[in-house]
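A quick write-up on the structure given underneath.
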Amino acid sequence: MEYDERRIGGMFMTNMSNTTTVRFHMGGESDIKTAHNRRDEATVKWEKHIDMERKHIVLKDMELEEAYAELFGEAIEEYDAKQKRRDRKIGGVREYMEQVRADARGRVNKKTREKGKNLAYEVIVGIGSVKPVVDESTGRYKRDEDGEILMPFLVPDDICEEVLKAYLDAWEKRNPHLYVYGAYYHADEGGAPHMHIDFIPWADGYKRGMEVQTSLNKALEQQGCISEGWTRNSSVVWADRERQFLEDIVSQYGYEVVHPDAGKYREAMPWRMYAEEQEALRQLDEQYAALESMRREEADMEAELSIKKQELESVSEELSLIEEMRNTVLPDGRTALEHIIARARKEKERKRLEEEERNRIARNRRKYEYTPARLNSRAVEELEAEEERIQRKAREDAAGLGEAKQMRYERFLRDHPGSVGMTRESSLDFDFGRFKR
């Protein structure tokens, strides 16, 4: 028996029933993620579920403002030309888009809680599903006789692509008042292939305002999708028609479309109560998210406090050591701290003299290296003599430091007769190691 097969996550999935499902979902302007649809590199790099090596196609791609200019630009100019008062003129496409966003007659946006019409809408259509069958008795995936996981609604990618492209090709004929400005095919997200179709509804024949305006309800009515009541408004009637058209295309490929979840989650609950329940769940989820954020902040603060405590202990230890050195008096009358500071200064001075000596030698060496080859012997002797003089001067400077130290020691013996028995070496035998960290 022939069947469809796909390998996901190292496991083979099979569909041996030739049954499938269709997906049709419509959202407003806030649901349109243009950068995601276009597979913008800066956006997709954070979406780990997308495999850019797999197939994704941009079938149509326009900027929203460009599409509005094409649909309503002429109507805006005609309307403004008729106005005598400047404050009644629209001004341009961008200004018209702002008016649509601020239209108080629009529905409340569930995410921002702000009123206003949608500038555009998006439908996501898909064929098939990669959802495996779960054995309710064991809670594990069901498998066929070969041990492969059963996927009863799986459809090959190439068939999905053909079906969705055929659906898009017939869109304008079915929906002359729903202008498509973006269409994107995605088969790179791990799940079933699908297509994003972004469109702008438009209607004509208006008596007030512009002759052509954006309106979903009026656009659908002009296409013959008439509301049949509050449970089946024009949008529901239109969605059912589109879903049926998609199913007709799928059936041409030998697949039977089923609806396994139809009515599964529809309980006898008033819609207002259901909305309140969903809002309560949303608020609860936000509270959990806020609590988790507070816990992370608390952990970060505790870690930072621990680091600060360690730093404070280290500083306290250093201050204690410095105070001990300040209170320790050496045989020459200086404190241990003064002695360490003096040694540090001498060491710094010694390094400075060595650095100057190295620089002088390097300058002379460069001067000698760049001397022309035809330089006479007398000039060469003068350069060598200068280098010898510099080295001799450095040795004399170093010896001078030793003589100055000897003179200070003799002056100390004259000022402290009681220390005559103390040799210069024995006076320096004091153990300073214990003051080191």
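The values are calculated or read from the model by the stated rules, or taken from the named source; none is laboratory data. These numbers come from a predicted model, not from an experiment. Note that we place each Cβ from the backbone using ideal geometry, even for glycine, and neighbour counts take in every protein chain shown. Accessible surface is based on the protein model in full, side chains and every heavy atom, while ligands, DNA and RNA are left aside. Shrake-Rupley method; radii C 1.70, N 1.55, O 1.52, S 1.80 Å.
Keeping all protein chains in position, work out how much accessible area Lys308 exposes to a 1.4 Å probe, and write it in Å² to the nearest 10.
The accessible area comes out at roughly 110 Å².
About the Cα centre, and with charges only on the beta carbon of Lys, Arg (+1) and Asp, Glu (-1), how big is the dipole of segment 157-210? Nearest 20 debye, please.
660 debye
Under 1.5 on a/c is rounded, so check that first for segment 152-271, then, if it is not, pick prolate when a/b is larger than b/c and oblate when it is not; a ≥ b ≥ c are the square roots of the alpha carbon gyration tensor eigenvalues.
oblate
Using a 10 Å cut-off on Cβ atoms, rank the peptides 349-360, 240-251 from the highest mean neighbour count down.
Those peptides, ordered most packed to least, come out 240-251, 349-360.
Could you provide, to the nearest whole Å², the per residue accessible area of segment 166-222 with probe 1.4 Å?
So segment 166-222 comes to 37 Å² accessible per residue, rounded to a whole number.
Can you tell me which aspartates and glutamates have their Cα less than 12 Å from the Cα of Lys33? Leave out same-chain residues fewer than eight positions away.
Glu122, Asp198
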